[in-house]
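What follows is a set of notes on a single structure, which appears directly below.
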Amino acid sequence: MMKVDLKILAVSALLLACNPSQDKQSEESQDLGLSTYYKDYFPIGVAVSPRALKGKQAQLIKDNFVSMTPENMMKSGPIHPKEDKYNWAPADEIAAFAKANNMKLRGHALLWHNQAPDWLFVDSLGNEVSKEVLYERLERHITDVVTRYKDVIYAWDVVNEAISDQSDVFYRDSKWYQICGEEFIAKAFEFARAADPDVQLFYNDYEVINPVKREKIYKMVKGLQEAGVPIDGVGIQGHWSVYEPSESTLRATIDRFTGMGLQVQITELDVSIYPKEHAPRDKRADDDDTFTDELKQKQIAQYDMIFRVFRENKEKLSSVTFWNVSDQYSWLDHFPVPDRKDYPLLFDQNNEPKEVYWEVVKF
């Protein structure tokens with residue numbers, strides 16, 4: 001029998017205790033990937049552009065996520081720029097990557113006031129079209145897009161951001177609303193259901209953590225249900241920051257849509273290092289984009305709270321999707337302030353796990 005030197009064992013244990021980084025390095029070398037850690041909780045997804053499907057980010061996607069959302073390529077403007085022209089190639093590339101890697105694909109967004117092509121709303125003379133003409137165009141658009149990706153997309157954000165941010169206004173004053181009134185929301189869901197009887201259909205919006213806007217969304221969705229409109233879920237955009245939401249607000253937001261018989265998904269998660277702003281503005285002299293140690297710790301604490309709440313509500317959430325892959329690129333680098341770098345995700349600018357990543361996966 002081999003003789004064990006107890007003194008050597010004791011010294012080794014002492015060295016390990018004095019060098020916790022060695023233990024952390026061991027954990028990191030055995031990283032399972034984000035989705036594997038959460039396989040018993042909910043699927044983890046990510047928003048992508050075609051450029052993310054190449055090189056290091058492509059591997060990061062395959063290692064950490066089980067579903068994808070096209071960030072922009074299936075919105076009506078990019079995919080249908082002219083009435084008689086579709087731009088299928090970028091969206092097809094994303095769909096092909098999903099199929100090749102056995103990943104689920106979440107469609108985004110069939111109807112949105114932003115990034116909608118002008119041709120939808122005017123005739124050949126530039127005059128505003130009637131409600132009937134607009135519905136014909138919308139039905140054709142939804143039918144063509146949904147049918148094309150029927151074999152790979154499991155869920156669609158059918159209507160995106162139709163509720164006003166103004167506390168005393170219910171619906172957003174978009175071209176859709178101006179021409180059709182609130183009826184356009186139900187029509188979009190009906191067109192999507194006709195195009196694919198099996199796909200899951202979602203209403204998606206931001207600032208759902210705001211109690212006033214949240215109640216308007218709840219009332220609108222409840223009305224759709226009562227009218228027999230085919231809606232399957234609510235998407236809560238998680239465009240938050242190190243300063244919001246509070247734990248109580250996040251819990252209240254998830255709980256409000258529980259019991260409606262609908263799925264609830266976190267659809268666009270990122271945690272900005274800046275106080276939240278929802279309107280674009282110019283860069284100011286005091287816009288410092290340094291990712292300080294203090295902000296890193298705030299982000300770690302915020303993500304820790306968010307995912308603890310998510311895990312405790314795993315029966316209420318059917319997926320969580322990050323908005324972009326890593327800090328190498330985020331839409332928040334350009335909005336609300338152009339050319340102000342943000343660091344809102346779990347992977348850094350070199351596509352390596354940040355300290356916050358380990359906080360999210362070690363529970």
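The values are calculated or read from the model by the stated rules, or taken from the named source; none is laboratory data. All values reported here derive from a predicted model rather than from experimental measurement. Note that we place each Cβ from the backbone using ideal geometry, even for glycine, and neighbour counts take in every protein chain shown. Remember, those area values only see protein heavy atoms, side chains included, never the ligands or the DNA or RNA. Shrake-Rupley method; radii C 1.70, N 1.55, O 1.52, S 1.80 Å.
Assorted remarks:
- For segment 297-363, the residue among His334, Asn350, Thr321 whose Cα projects farthest onto the positive side of the dipole built from Cβ charges is Thr321.
- Sites Trp358 and Lys131 - FRET efficiency at Förster radius 56 Å, r taken between beta-carbons, to 0.05: 0.60
- Direction-averaged projected area, Cα convex hull, segment 201-275: 4.7 nm², rounded to one decimal.
- Nearest-0.05 FRET efficiency for Arg281 and Met305, computed from C-beta distance (R0 35 Å): 0.80
- Remark: the Asp289-Arg251 segment gains 10.7 nm on full extension, using 0.36 nm per residue and subtracting the alpha carbon distance.
- Each residue, Gln297 and Glu83, gets one label point 7 Å from its Cα in the Cβ direction; the gap between the two is 6.1 nm.
- Binned Cα-Cα distances of segment 301-363, short to long, each 10 Å bin given as a whole percent: 21, 44, 30, 6
- Working from Cα pairs under 8 Å separated by at least six residues, relative contact order for segment 120-208 is 38 percent.
- Our coupling estimate for segment 198-214, obtained by passing each phi through the Karplus curve with A = 6.51, B = -1.76, C = 1.60 and θ = phi - 60°, is 9, 6, 7, 10, 10, 9, 10, 7, 10, 6, 6, 6, 6, x, 5, 5, 4 Hz, Gly and Pro reported as x.
- Amide H within-cut-off set for His239, under 5 Å, with H built and near neighbours excluded: Glu207, Asp270
- Checking the cross-link pairs Lys99/Lys362; Lys104/Lys187; Lys276/Lys341; Lys213/Lys283; Lys296/Lys316 against a 19 Å limit on the alpha carbon distance flags Lys99/Lys362; Lys104/Lys187; Lys213/Lys283; Lys296/Lys316 as lying beyond it.
- Residue among Lys39, Lys276, Lys222 with the largest mean-square fluctuation in a Gaussian network model of the chain, springs linking Cα atoms under 10 Å: Lys39
- Over the chain, Cα pairs under 8 Å with separation of 6+ residues give a relative contact order of 15 percent.
- Probe 1.4 Å, accessible area per residue of the chain, Å²: 46
- Each Cα pair under 8 Å and six or more residues apart adds its separation to the average, and for segment 22-144 the resulting relative contact order is 22 percent.
- Debye, to nearest 20: dipole size of segment 66-219, +1 on Lys, Arg Cβ, -1 on Asp, Glu Cβ: 380
- Calculated log₁₀ intensity ratio I(q)/I(0) where the Debye formula runs over C-alpha points of segment 223-324, q = 0.23 Å⁻¹: -1.27
- Entries in Lys54/Lys150; Lys131/Lys175; Lys75/Lys219; Lys56/Lys314 that, when Cα-Cα distance is taken, lie over 22 Å: Lys54/Lys150; Lys75/Lys219; Lys56/Lys314
- Counting 0.36 nm for each residue step from Thr147 to Asp92 and taking away their Cα separation leaves a gain of 18.5 nm.
- Residue with peak Gaussian network fluctuation, the chain [Cα springs, cutoff 10 Å], from Ser130, Ser319, Ser49: Ser130
- Here r is the Cβ-Cβ distance between Arg51 and Glu215 and R0 is 45 Å; the resulting FRET efficiency, rounded to 0.05, is 0.70.
- Computed in the context of the full set of protein chains, the accessible area of segment 67-187 at 1.4 Å probe radius has 45% of its extent on carbon or sulfur.
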